[in-house]
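I have placed the structure first, in the form of structure tokens, so that the comments after it can refer back to it.
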Amino acid sequence: MSPTPYQTDDFRRILCPVDFSDHSRRALDHAIAIARLHKSTVTVLYVFAPMPVAAVGLGPMGLEPTVLSPIDSERLLEETKAFAATESAPGVTVETLVRGGSAAAEIVDQAVDMQADLLVMGTHGRSGFERLILGSVTERVLRKAPCPVMTVPTGLPDAVPAGPVLYKSILCPVDFSESSLKALEYATTMAVQAHGQLTVLHVDERDFEHADGVGGVAYDAGKTMGEFLEERAQASQRRLEDVTKGVPTNCVVDTLQTNGTPWREVLRVAAERRSDLIVMGVQGRGSTDLLFFGSTTQHVVRQATCPVLTLRGK
């Protein structure tokens, strides 16, 4: 079954949280560039985290959160506007907003309130403790966001001056789950729009306790291990070919199978192919989502040298 591309107006409302660091400026740069391509509106959000202070009348241990005064709130809003202006582009509408509270919760609430189609954020804070905090915020947002999330690492070249085509080489790992096939829909259309290259990767973990999980191929004691692995590889290749049928000719599609640890293979292939973007579908699996969707998404988001677009399944 071939993927059905999403509509180009799916990214009409983009939310980009910032903390005034160079890392969040890089994320804003990509949010603006995507908005330029999709004729979208970007909402730039700064979250003020109230710090507890001693409260009069509550005793020596009494604490209550600080509250922004109207003057301070206006000052932060002006600073947010000035920060957003550094990455502006012709034809892109940019709105700014300041909210107070827990960063991850406020980001998710704003995404819900504005019915965001895409959330773009950096993977690191400024340094030291703040870097750890923002890393934690990013991961919590990834678990709870109601829309696709693009995480942008540090060290990338500017996106806005490069023009509307950002992602010429896209890598999409699939395990044939519903969420990974939805990610493939997004990846396919983005590659078609860019007249680019799409690599669809399937990684065989060689987990024989769940050997029937690929192509319905179960281990048969009457076969040699080599025969079983070859049969499973052929089944996976047939599925790869099936899910990539019907892609327009202005997009080059390459299917690839490898063996090993999924996150290591995703990062290796992305590096070898100099991917501009990794698109991943992730499946929520319980209250903690198996410690941030298991190790695969966590490692890819933390270590990728290109942006990663994650789409959370149900």
Tell me, please, whether a residue that is among the charged types (D, E, K, R), surrounded by fewer than 21 Cβ atoms within 10 Å (Cβ to Cβ) and modelled with pLDDT of 90 or more can be found in segment 225-233.
no
Met280 passes all but one of (1) surrounded by fewer than 19 Cβ atoms within 10 Å (Cβ to Cβ); (2) modelled with pLDDT of 90 or more; which number fails?
(1)
Criterion first (on the phi < 0 side of the Ramachandran plot, at pLDDT below 90 and in a loop (DSSP other than H, G, I, E, B)) does Val165 satisfy it?
yes
Cβ-Cβ distance below 6 Å, separation of 6 or more or different chains: which pairs start in segment 104-118 with a residue that is farther than 11 Å from Ile14 by Cα and end on one that is charged (D, E, K, R)?
Ala104/Arg140; Glu106/Arg99; Val108/Lys144
Residue identified as closer than 18 Å to Ala235 by Cα, crowded, with 16+ Cβ neighbours inside 10 Å and either of a type outside the set (D, E, K, R) or at pLDDT 90 or above (or both) among Val192, Val214:
Val214
Taking the stated definitions as given, is Thr258 at pLDDT 90 or above and either exposed (fewer than 15 other Cβ atoms within 10 Å of the Cβ) or in a helix (DSSP H, G or I) (or both)?
no
Matching strands (runs of 3 or more DSSP E) fully within segment 30-127 where at least 2 residues are at pLDDT 90 or above:
41-48, 93-100, 118-122
Report the residue count in segment 240-275 for those that are at positive phi and touching a strand residue (DSSP E or B) at 6+ places or on another chain (Cβ under 9 Å).
2
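The values are calculated or read from the model by the stated rules, or taken from the named source; none is laboratory data. Owing to the predicted nature of the structure, the values given are computational and were not obtained by experimental measurement. Note that we place each Cβ from the backbone using ideal geometry, even for glycine, and neighbour counts take in every protein chain shown.
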